[in-house]
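Only the coordinates and a few stated rules stand behind these numbers; no lab work does. Just so it is clear, the structure is predicted and the values come from calculations on it, not from any experiment. Ideal geometry is used to build each Cβ from the backbone, glycine not excepted, and the neighbour counts take in all protein chains shown.
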Ligand SMILES: [Zn+2]
C-alpha cells in the first residue's frame, strides 16, 4: 500500500485524484499560495471544475501533484 501526502497540510490520500479533491476543498491561504508557486490559480481550477465536464479542475491539479507529491510507501 502506498499513499500521497498533501504538500501543504500533509493530509493523506490513496490517489492523486483524491488529493486534488481534498486540495480544492480547502479555502485557506496556505493551500492557495502553494498553487501560485506551481503557476496555478485556485479560482481558475475551481472554474474549470464547475463549468467544464469531466473533472477538468481535479485532473489538472492531480497532474501537478503527481510530480509534487511523490508516492510514500506504508511501513
Ligand atoms: Zn491539504
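Screening residue 65 on (1) over 9 Å from the mean Cα position of the chain (by Cα); (2) part of a helix (DSSP H, G or I); (3) more than 10 Å from the ligand (Cβ to nearest atom) shows it passes everything except condition (1).
Examine the stretch 23-33 for a residue that is crowded, with 16+ Cβ neighbours inside 10 Å, assigned to a helix (DSSP H, G or I), within 12 Å of the chain's Cα centre (by Cα) and touching a residue at least 40 places away in the same chain (Cβ under 8 Å), and state whether such a residue exists. The answer is yes, given that some residue of the stretch 23-33 is crowded, with 16+ Cβ neighbours inside 10 Å, assigned to a helix (DSSP H, G or I), within 12 Å of the chain's Cα centre (by Cα) and touching a residue at least 40 places away in the same chain (Cβ under 8 Å). For residue 73, the test of being away from the ligand (no atom under 12 Å from the Cβ) and in contact with a strand residue (DSSP E or B) (Cβ under 6 Å, 6 or more places away or on another chain) is passed. The residues of the stretch 34-50 that are within 15 Å of the ligand (Cβ to nearest atom), surrounded by 13 or more Cβ atoms within 10 Å (Cβ to Cβ) and in a helix (DSSP H, G or I), listed by number, are 34, 35, 42, 45.
Scanning the stretch 1-12 for residues that are more than 9 Å from the ligand (Cβ to nearest atom) and either surrounded by 12 or more Cβ atoms within 10 Å (Cβ to Cβ) or closer than 12 Å to residue 62 by Cα (or both) yields a count of 3.
Take the conditions (1) more than 14 Å from the ligand (Cβ to nearest atom); (2) touching a residue at least 40 places away in the same chain (Cβ under 8 Å); residue 53 misses just one of them, which is (2).
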